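Contents: one structure, followed by commentary.
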Amino acid sequence: MTLTVEHTTMPVLGRLPVHSSRAEQIAHIAEAAKQIRIQDLKLVHHAGAGHIGGDFSAIDILATLYGAVLDISPATVNDPERDRFILSKGHVAGALYTTLAAFGFLPVEDLATFLKPLSALNGHPNRNKVAGVEANTGPLGHGLPVAVGHALSAKLDVSLRRTYVLVGDGELQEGSNWEAMMAASQYQLDRLTVIVDRNRLQQGATTKETNDLDPLPEKAAAFGFAVVEVNGHDHGELLDVLSAVPFRPGKPTFVIAHTHKGHPISFMSNNVAWHHRVPDAAEYQQALTELARYDRGRL
Amino acid sequence: MVHTSIADQPRYDCRDAYVETLAELAEADHRIVGVVNDSVGSSKLNSFRKAFPDRLINVGIAEQDMVGVASGLANGGRIPFVSAASCFLTGRALEQIKADVAYSNTNVKLCGMSPGVAYGELGPTHHSVEDIAWLRAIANMRIIVPADPIETAAALRWAAASDGPVFIRVSRMSVPKVYAEDYEFELGKAITVRDGSDVTLISNGTVLWRALAAAERLAEEGISARVLSMPTVKPLDTDAVVAAARETAGIVTAEEAVSGGGLGGAVAETVVQHHPARVSILGFPEFAPTGSAGYLLNRYGLSPEGIADAARKLVTTGT
């Protein structure tokens, strides 16, 4: 199989008018998430590689952020006052590239180069090659410290720009995250929001079997964060929470987004085998069929 | 005429020049911030903290976070000068230096304090002799090893004015002034601090003055030693190295670092590829035993006499 430009047919979604209703925003996010999933499935199937399980776990969060939360657009991608989004779980680069393409940061046809020799679209994102990428991530436990540094810069500038960082739950086993959380709390970075993609699966097993993170809410609270739990596939919940930060003045926010790896595909969802498995022809067709039925975030 | 040796000149702790220059730079440019891992005292940054209380970011004893935070500060338009004991900065945060600073190409200035064997009797856990070899392996990283307070200040001014990642060693072990006060740092350029035609001594950091003192001794014996100051280990001034290989009988490198992979390694790689010549590499080949910094330098041949010995051997026996 070869990924070609014919496999990159996603519609580009603009930004909604400023005063759109909540219902309009949710519909916009749902449509984006559906299109991003269909495109990401094509990307992984035709490229023959990728991390589709984690991609599908994170896409509703990405679609919400870029569709209705982040103050950033292709025109302001280098504006110093833009909001920052840092993808710490860099292995879901395919989901990020597809999201950036959906919102016009990246030409959709560029997705055809994903993982190909000399492509800007490496298996992990590179800020120097792809507009909209804020940090070169891939090794785990790097994004949160970088996000803390950015949030500190905003505080020094007395700026209201916000910083969002998406971390995997397995990734929280890296100690650097907890170093960064202590500093975020010490510096009262309430414009910083950490989103945990809490799919409870890491590469080869559940987090519980590997190095249990629970009680995660209590741990984050003990580190000085305002903790909120949401359904990470519910666009309304995500929109409400991610738009409303900070919840507690002086405290950074820790959003535990409960998700399923591979969501919403029946044979992928919550199945550890789909960390980086590539769907074969039959699986690809079935997944496409399921995604076609998927509407407004529901099957 | 009374001949005075460089060995008899007054000595200075380069950290004083560091903090003085950083304060001047910060005064002139609001973007400059310090980032430390509790290392305010050991980096001599108390006066900086007093002058710029909001601009000294102390993340606590957390080096990975320190370097990641610096990368994020740079993303927000700041110019962070990370100041921490070189052993912990480079050893503990090596992957952050690779991914968040060098590969991300963020405008972060990494300042390795008290490098080499400055911590003496505290032992190899606190020695930072590996830092240069580790960072040399990372693409897009520039490595500067200043030899005196004048060069330390000049390198800092250069770093503040130029975009991109850099690692600067800031010596704790006191050194005499090698350069004139009007010295200006130029990245990637060797400086011929003493001309000579028989043999070349290439050095930097705390060992440069010792190489100059070695050349004084050799001159008394009729051996003309060229002394090249090589403050930039990466990118290396390969032209100066090749010229030395071509024009003199061989090269002795002397540095306060491991004897493989640092300045000596860089010089040897250049010579074997462009103009094969004898290279004698002085440095630390093993974990150092207990001893003061001065004792350890002498023990591993990094004294004026040790460097002169290596040069004599090279000139007389070709090895």
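Annotations for the structure displayed:
- For A:Thr113, the conditions (1) out of contact with any helix residue (DSSP H, G or I) (no Cβ under 7 Å at 6 or more places or on another chain); (2) within 14 Å of chain B (Cβ to nearest Cβ) are fulfilled apart from (2).
- Which numbered condition B:Ala147 fails, given (1) in contact with a Ser or Thr (Cβ under 7 Å, 6 or more places away or on another chain); (2) without any contact (Cβ under 8 Å) to a residue 60 or more places away in the chain; (3) not in a strand (DSSP E or B): (2)
- Residue in region A:71-90 that is of a type in the set (Gly, Ala, Ser) and within 14 Å of another protein chain (Cβ to nearest Cβ) present: yes
- Selection of region A:27-56 for residues being within 12 Å of A:Tyr284 (Cα to Cα) and of a type in the set (A, V, I, L, M, F, W, C) yields A:Ile38, A:Leu41, A:Leu43, A:Val44, A:Ile52.
- Among the residues of region B:25-42, at least one is more than 11 Å from chain A (Cβ to nearest Cβ), assigned to a loop (DSSP other than H, G, I, E, B) and either among the polar types (S, T, N, Q) or buried (at least 18 other Cβ atoms within 10 Å of the Cβ) (or both).
- Of all residues in region A:152-171, those satisfying the criterion of being under 16 Å from B:Val69 (Cβ atoms), within 12 Å of chain B (Cβ to nearest Cβ) and touching a residue at least 40 places away in the same chain (Cβ under 8 Å) are A:Thr163, A:Val165.
- Among the residues of region B:76-102, the ones that are within 7 Å of another protein chain (Cβ to nearest Cβ), buried (at least 24 other Cβ atoms within 10 Å of the Cβ) and either under 21 Å from the mean Cα position of the chain (by Cα) or in a helix (DSSP H, G or I) (or both) come to 2 in all.
- In the set (1) more than 10 Å from chain A (Cβ to nearest Cβ); (2) in contact with a strand residue (DSSP E or B) (Cβ under 7 Å, 6 or more places away or on another chain); (3) farther than 23 Å from A:Arg161 by Cα, the condition left unmet by B:Tyr119 is number (2).
- Some residue of region B:4-25 being among the charged types (D, E, K, R) and touching a Gly at 6+ places or on another chain (Cβ under 9 Å): no
- Region B:250-305: number of residues that are more than 23 Å from B:Gly123 (Cβ to Cβ) and in contact (Cβ under 8 Å) with a residue 40 or more places away in the chain: 11
- The listed residue being under 18 Å from B:Ile79 (Cβ atoms) and within 19 Å of the chain's Cα centre (by Cα), out of B:Asn140, B:Asn105: B:Asn140
- Checking each residue of region B:144-156 against the condition of being surrounded by fewer than 20 Cβ atoms within 10 Å (Cβ to Cβ) and in contact with a strand residue (DSSP E or B) (Cβ under 7 Å, 6 or more places away or on another chain) gives no match.
- Region A:213-249: number of residues that are within 27 Å of A:Met182 (Cβ to Cβ), part of a loop (DSSP other than H, G, I, E, B) and not basic (Lys, Arg): 11
- Of the residues making up region A:125-151, those that are among the aliphatic types (A, V, I, L, M) and more than 7 Å from chain B (Cβ to nearest Cβ) are A:Val130, A:Ala131, A:Val133, A:Leu140, A:Leu144, A:Ala151.
- Some residue of region A:23-38 being crowded, with 24+ Cβ neighbours inside 10 Å and among the polar types (S, T, N, Q): no
- Count of region B:56-73 residues, restricted to those that are surrounded by 24 or more Cβ atoms within 10 Å (Cβ to Cβ) and more than 7 Å from every other protein chain (Cβ to nearest Cβ), is 3.
- Selection status of B:Pro53, within 14 Å of chain A (Cβ to nearest Cβ), crowded, with 21+ Cβ neighbours inside 10 Å, more than 18 Å from the chain's Cα centre (by Cα) and at pLDDT 95 or above: no
- For region B:276-319, the set of residues classified as at positive phi and of a type in the set (A, V, I, L, M, F, W, C) is empty.
- Unmet criterion (only one of (1) at the interface with chain B (Cβ under 10 Å from one of its Cβ atoms); (2) of a type in the set (A, V, I, L, M); (3) surrounded by fewer than 17 Cβ atoms within 10 Å (Cβ to Cβ)) for A:Ala180: (3)
- Top-ranked residue of region A:270-287 - restricted to ones that are surrounded by fewer than 18 Cβ atoms within 10 Å (Cβ to Cβ) and part of a loop (DSSP other than H, G, I, E, B), ranked as farthest from the chain's Cα centre (by Cα): A:Asp280
- Residue ID - farthest from the other protein chains (Cβ to nearest Cβ), chosen from residues in region A:183-204 that are in contact with a helix residue (DSSP H, G or I) (Cβ under 8 Å, 6 or more places away or on another chain) and part of a helix (DSSP H, G or I): A:Ala184
- Selection status of A:Ala49, surrounded by 14 or more Cβ atoms within 10 Å (Cβ to Cβ) and in a loop (DSSP other than H, G, I, E, B): yes
The values are calculated or read from the model by the stated rules, or taken from the named source; none is laboratory data. A quick note: this is a predicted structure, and the numbers were derived from the prediction, not measured. Neighbour counts are summed over all protein chains in view; Cβ atoms, including those assigned to glycine, are modelled from backbone coordinates with ideal geometry.
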